[in-house]
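Student: Take this structure, written in structure tokens, and hold onto it; I'll ask about it next.
The values are calculated or read from the model by the stated rules, or taken from the named source; none is laboratory data. These figures come from a predicted structure and were not determined experimentally. Note that each Cβ is placed from the backbone with ideal geometry, even for glycine, and that neighbours are counted across all protein chains shown. Surface areas here come from the heavy atoms of the whole protein model, side chains and all, with no ligands, DNA or RNA. Shrake-Rupley method; radii C 1.70, N 1.55, O 1.52, S 1.80 Å.
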Amino acid sequence: MEIINNIILSLTKGDAGRIMKDIETALEIGLPPEEILKNGLLTAINIVGDKYKKNEIYVPEILLATRAMNAGMKVLEPYLLANKTKPTGRVLIGTIKGDLHDIGKNLVKVTLEREGFEVKDLGKDVSEEEFIRASMDFKPHVIGISTLLTSTMVGLKDVIVALDRAGIRRKVLVMVGGVPITERFAMGIGADIYAYDAGEAASVLKKRLYRAG
């Protein structure tokens, strides 16, 4: 569909103003918000992530895409949350210490909320201590940690080790994701779940939590 292609193009170009208009148009012609998210925004951000992995684009382009994604989500999020399902579980999420990028994390947040999860978002540049304090207060079923930069990947393991030392690790599932992360890396640092994108994160968590319950 042309409007979905326009959304993808606007995001990959980092055009925040254009993507807001594209999403408004898509909603006006009756496209379901879930379709706009999955086929438009998620598809586009996966394209951006793949280009970054291949060194076809760099951090400035990622920042423009982030701005465009955030602008689009401001339009789309109220429609996604209007029909959210009953609570499924509690998820604590944050971007790892040293990383100020949150495009993927923000997508995971709104997707999980749409699927009925209660989500506490710690934001960007989150330390091990912050994850621990929030875990003790929020008592999540899942802790999600994201990163965009290869230089901060080691921090994911630091959080898992800190959770273990604090006696929290055995009580929660740990999910990791982000552009440089692979399933092999995730399993190697002791994570329970690797999620390629926001849609996969929601699907896997629902299966794991229902199975655990």
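Student: Against the 2.2 N^0.38 Å scaling, with N counting residues, where does the stretch 112-213 land? I'd like the Cα-based Rg ratio to two decimal places. Write down the numbers at each step before the final one.
Tutor: Details: Rg = 12.8 Å, N = 102, 2.2 N^0.38 = 12.8 Å.
Cα Rg divided by the expected 2.2 N^0.38 Å: 1.00.
Student: Ratio to report: Rg/Rh of the stretch 1-42, with Cα atoms as the point set and Rh obtained by the Kirkwood method; give two decimals.
Tutor: 0.91
Student: Residues of the stretch 105-148: accessible area per residue at 1.4 Å, in Å²?
Tutor: Accessible area per residue, the stretch 105-148: 39 Å².
Student: Within 10 Å, at most 16 other Cβ atoms, and a DSSP state outside H, G, I, E, B define an exposed site. Report the longest part of the chain free of exposed chymotrypsin sites (Phe, Trp or Tyr not before Pro).
Tutor: 59-195
Student: Tell me which of 27, 5, 194 sits at the most positive position along the dipole axis of the chain, charges placed on C-beta atoms (Lys, Arg +1; Asp, Glu -1).
Tutor: Positive-most Cα among the choices belongs to 194.
Student: How large is the convex hull of the Cα atoms of the stretch 153-192 per residue, expressed in Å³ as a whole number?
Tutor: That works out to 55 Å³ per residue.
Student: Ordered by residue, what ³J(HN,Hα) values in Hz, to whole numbers, does the stretch 176-189 give under the Karplus form 6.51 cos²θ - 1.76 cosθ + 1.60, where θ = phi - 60° and Gly and Pro are x?
Tutor: 10, x, x, 3, x, 7, 10, 4, 4, 5, 4, 5, x, 9
Student: Let me ask something else about it. Give, in whole angstrom and from largest to smallest, the semi-axes √(5λ) of the equivalent ellipsoid of the chain, with λ running over the eigenvalues of the Cα gyration tensor.
Tutor: Sorted largest first and rounded, they come to 29, 20, 13 Å.
Student: Please list log₁₀ I(q)/I(0) at q = 0.11, 0.12, 0.15, 0.21 Å⁻¹ for the stretch 7-89, using the Debye equation with identical point scatterers on the alpha-carbon positions.
Tutor: Relative scattering, expressed as log10 I(q)/I(0), comes to -0.30, -0.36, -0.53, -0.90.
Student: Quick check for you: with a 1.4 Å probe and neighbouring chains kept, what is the accessible area per residue of the stretch 1-71, in Å²?
Tutor: Here the residues of the stretch 1-71 average 52 Å² of exposed surface.
Student: Using DSSP to define loop residues, name the trypsin sites (Lys or Arg not before Pro) in the stretch 1-92 whose beta-carbon has at most 16 other beta-carbon atoms within 10 Å.
Tutor: Filter output for the stretch 1-92: 13, 54, 84.
Student: Same structure again: May I have the extent of the alpha carbons of the stretch 51-172 along their three principal axes, as whole Å values ordered from largest to smallest?
Tutor: 41, 38, 19
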